[in-house]
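What follows is a single structure, written as structure tokens, with notes after it.
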Amino acid sequence: MRTRTTATIAVGAAAALALTACSSGDDSAEGGSSEITLWMYPVIADEDASRDYWEAFETDFEAEHSDIDLSIELLPWADREEKIGTAIAAGTGPDLVLLVPDLARNFYDTGGLKPIDGAIDDPGVYFEGALAGGTFDGEIYGLPIYQTANATAYNTALFEDAGITELPQTWDEILDAAPALAENGVSVLDYSGSAETTLNISFYPLLWQAGGSVFTEDGSDIAFDGPEGVEALQFLLDLQEAGGLPADAATKTTAVEGGPLGLGTAAMSYGMSGATIDQLEAAVGEENVTVGAPLTGAVQASFGTPGIIGLTTINEDEEAALEVARALAAPEAQSAMFEAAGWFPSREDAEITIDDDATQALFDSLAVSNPGEAAPGARQVMSILATHIQSALQGQATAEEAIADAAAEARDAISRL
Amino acid sequence: MTSTTPVSALGRQKRRGSTTAARSGMWAGILFVLPMLVLFVIFRFVPSLGAIGMSLTDYKLSGDYSVVWFDNYTRMLADDVFLGALTTTLVYAAIYVPLVVVVSMVTALVLNRLVWGTGFFRGALFLPYVTSFVLAAVIWLWIFASDGLVNGLLTEAGVDPYPFLTGNQAQVLTSLAVVSAWRGFGYSMLILLAGLKNIPEDLLESATLDGANATQRFFRIVLPLLRPVVFFVLVIETIAAFQVFDTIYVMTGGGPSRASYSLVYALYDQGFKFFDFGYAAAIGVAIFLLVFVISLIQRRFLDRSNT
């Protein structure tokens, strides 16, 4: 037994040494090529299609750049922030990573990103909003490679069953429609208040529709505690009282399948992307789904954000990383991304063809899209506000109290940055 | 001619021999312990020192930092979120620890009285302990969800759904404590069972002959003799309560409205969501100090009970 144990350890040690030897041998065999790691996420919802797309991208890129060994690692959306942060802190993370503006701001503030403006040959070809999303303190830290859009999707059958012929497009119309749908056991609006749901697709669109903003224009203070913030939360509470929100709105996730939208117990949602619209159509039937414009409160607004590539501070070969970033943001790549994922290009010279109403509605929503507010402390503020919105939805605080409490806590958090 | 050896010389030889054997045994012991000691120092002790050092800085993702001395600690004392997490953790511990100790004690007593199938039941009851915390939490999430198994049955029976994970703090923490107790009671059960096996049977028989009923035997004989073991179980379960994270992370995300936002969750948020590593390290040190103080109190109780 002792001999076997010793032998096992010896074999294990030898195997480890052998693997180390193989690894270093591979490096030298490539004659000093740069290794660039890109962390990519399921922007293409279908797993197989995503894998095929990124494998093809990697192969094509390496064929054109024999001196760069590109490795694209596909990761899930879940816990993205934590994984990236931990990896950068440990010095073992990616050279390039897909981010959204407020997340990029967090990594910028904490010293995790380097400027990426070297990958932009002509800033004029990018849509202004897309480029602005990753620009902090006058420097570009996020290279936009696509642009997301969200529109309003309706389950028309549920509205018809409730005798509602005009689909609601404003807050008032939604409030008016709530009682009739509630009588059928249907909430007019889906809302996700769970801790893991980003407020960018839950509460912030309502705040923007009320005419408010999360932060002041210069980003130095929060602004959600104005009358618009209270109004947006009060809208949710009024809806809840009228039976217009799912019973577990305070804690439920955005899942369409198995959620109120997919089960036919919620009639509409304002935070629907191309992928979630597909899921809704699959769940309740394509013929029962209509996609419309973003909702209107005081103003019409929606969330639509650029997907931006960030260059991490652990990258050691900036030129190689910028070369990869350029390829990701190229017009051909953005056209291909639209075909594969349905996301729109972030630059004017990328060609796309829209041939269905839902995609057209999503594209039209870009005109009133807000990319998210990437001010210092944006993620902390989001986390704090989400907690107090939960309190209000659980009847533990009024809209005024919840917003005031969140504002005090958020200001305290920002003051420590 | 015969030679004789003085008795005193024999004694010296014997002592020399035993000293050599003792030294040999000591070195063997050290050699056996050394690998674990080295691993402990590398993976526990040094990182702990690092965390204490980090708690005195404003360490950033980029590796840049400046020494801020005790700023993170003074901030902690004025931080309502931290103080709320401390309260939540204490409430959770107040629910979880008695629950798991009682469940462990009852199952240990039942197992101790079993005359057949002891091994099977012991293994079956220990099984949740070797189950992944995350897996257990996912299963219980399905059971406790608003539209989950229990609420589905309640609805079928015409009873309103119970907000296991969406209600107030007492409801949510109780639900989480039930899950943690289900998952963790097996270990404490085995420790208590070992303690029960050490209680002399003749003591219990004598008490029975003297007319003591089962309740009197338990409270007058079993529990006093089991006291050191019970205190040990209390302290390890209290430590487990202070370290609760996985179950909360999977089942409630610290919510709703921070109803289940524990100290370790606060540490996780500060460290891995907001990348405020210095403050996160300070929270870690605070948790260590809390657990350390509780352990010292436990040690005092143990010492007293042993004398």
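The values are calculated or read from the model by the stated rules, or taken from the named source; none is laboratory data. The structure presented is a predicted model; accordingly, all values stated were derived computationally and were not measured. Cβ atoms come from the backbone with ideal geometry, glycine included; neighbour counts cover every protein chain shown. Accessible surface is based on the protein model in full, side chains and every heavy atom, while ligands, DNA and RNA are left aside. Shrake-Rupley method; radii C 1.70, N 1.55, O 1.52, S 1.80 Å.
Observations, loosely collected:
- Per residue, in Å², the accessible surface of chain A once ligands and nucleic acids are set aside, probe 1.4 Å: 42
- Peptide A:377-390, shielding by other chains (average Cβ, 10 Å cutoff): 3
- Between A:THR296 and A:THR170, A:TRP171, the built amide H atoms are under 5 Å apart, and every one of these is 5 or more places off in sequence or on another chain.
- Ordering B:LEU135, B:VAL230, B:PHE245 by the projection of their Cα atoms onto the charge dipole of the range B:128-248, which places +1 on the Cβ of Lys and Arg and -1 on the Cβ of Asp and Glu, puts B:VAL230 at the extreme positive end.
- Distance in nm between pseudo-label sites at B:SER66 and B:LEU90 (7 Å out along the Cβ direction from Cα): 3.5
- Interface size B-A, as summed buried accessible area [1.4 Å probe, Å², nearest 100]: 2100
- As a rough guide to protection, the peptides B:219-232, B:171-184, A:306-319 ranked by mean Cβ packing within 10 Å, highest first, stand as B:171-184, A:306-319, B:219-232.
- Solvent exposure of A:HIS65, expressed as accessible area, is near 30 Å², computed with a probe of 1.4 Å over the protein chains only.
- In the protein assembly as shown, a dipole from Cβ-located charges (positive for Lys and Arg, negative for Asp and Glu) runs towards its positive end, and of B:PHE164, A:VAL97, A:PHE235 it is B:PHE164 whose Cα lies farthest in that direction.
- Per-residue ellipticity at 222 nm computed for chain B from its helices equals -23000 deg cm²/dmol, with DSSP H segments shorter than 4 residues left out and the rest contributing -39,500 (n - 2.57).
- Relative packing of peptides B:123-130, B:38-45 - highest average C-beta neighbours within 10 Å first: B:123-130, B:38-45
- Close amide H pairs (under 5 Å, H built 1.01 Å from N) link A:ASN370 with A:SER302, A:PHE303, A:GLY304, residues at least 5 positions away or on another chain.
- From phi via Karplus (6.51, -1.76, 1.60), per-residue ³J(HN,Hα) for the range A:209-219 in Hz, x at Gly/Pro: 5, 6, x, x, 8, 6, 10, 5, 4, 8, x
- For the range B:72-306, the solvent-accessible area works out to 49 Å² per residue, with a probe of 1.4 Å and every protein chain left in place.
- Ranking A:SER346, A:THR148, A:ALA250 by how far each Cα lies toward the positive end of the dipole of chain A (charges on Cβ) leaves A:ALA250 at the top.
- Packing order of peptides B:61-68, A:103-110, A:275-282, highest average first: A:103-110, A:275-282, B:61-68 (average count of other Cβ atoms within 10 Å over each peptide's residues).
- Part-to-part distance (alpha-carbon centres) for the range A:161-180 and the range B:49-71, which is given in Å: 55
- With contacts taken as Cα pairs under 8 Å and at least 6 residues apart, the range A:127-180 reaches a relative contact order of 19 percent.
- The fraction of accessible area contributed by carbon and sulfur in the protein assembly as shown is 59 percent, rounded to a whole number (1.4 Å probe; ligands and nucleic acids excluded).
- The range A:375-380 - phi-based ³J(HN,Hα) in whole Hz, Karplus 6.51/-1.76/1.60, Gly and Pro as x: 8, x, x, 4, 6, 4
- Comparing each chain alone with all protein chains together (probe 1.4 Å, DNA, RNA and ligands left out), the residues of the range A:82-110 losing at least 40 Å² of accessible area are A:GLU82, A:ALA89, A:THR110.
- Proximity of backbone amide H atoms, modeled 1.01 Å from N, is registered between B:THR57 and B:VAL68 at under 5 Å, excluding neighbours fewer than 5 places apart on the same chain.
- Once the partner protein chains are put back, the range B:258-279 shows a loss of at least 40 square angstrom of accessible area, versus the chain by itself, at B:ARG258, B:PHE272, B:LYS273, B:PHE274, B:PHE275 (probe 1.4 Å, ligands and nucleic acids excluded).
- Legend: calculated FRET efficiency, A:ASP121 to A:SER66, from the Cβ-Cβ distance at R0 = 25 Å, rounded to 0.05, equals 0.70.
- Antiparallel DSSP beta bridges within the protein assembly as shown, percent to nearest 5: 65
- For the range B:72-306: relative contact order, % (alpha-carbon pairs under 8 angstrom, 6 or more apart): 29
- Rel. contact order, % - alpha carbon contacts under 8 angstrom, at least six apart, the range B:124-262: 30
- Estimated 222 nm signal from helices in chain A, with DSSP H stretches of n ≥ 4 weighted -39500 (n - 2.57), rounded to 500: -14500 deg cm²/dmol
- When only alpha carbons are used to place a centre, the range A:390-413 and the range B:265-282 end up 22 Å from one another.
- 10 Å binning of all Cα-Cα separations within the range B:214-307, expressed as whole percents from 0 upward: 15, 32, 25, 18, 9, 1
- Whole-angstrom gap from the range A:348-373 to the range A:36-94, using each part's C-alpha centre: 25
- Kirkwood Rh (inverse of mean 1/r, distinct Cα pairs), the protein assembly as shown, angstrom: 29.7
- Fraction of antiparallel bridges per DSSP, chain A only, in percent to nearest 5: 60
- Burial here means at least 40 square angstrom less accessible surface with every protein chain in place than with the chain by itself, probed at 1.4 Å; in the range A:235-269 the buried residues are A:THR251.
- Cα-based equivalent ellipsoid of the range B:72-306: semi-axis lengths in Å, sorted from largest, via gyration tensor: 35, 25, 14
- Estimated vicinal HN-Hα couplings, Hz - the range A:166-181 in sequence order (Karplus 6.51, -1.76, 1.60; Gly, Pro = x): 9, 5, x, 10, 10, 4, 4, 5, 5, 4, 5, 7, 4, x, 5, 5
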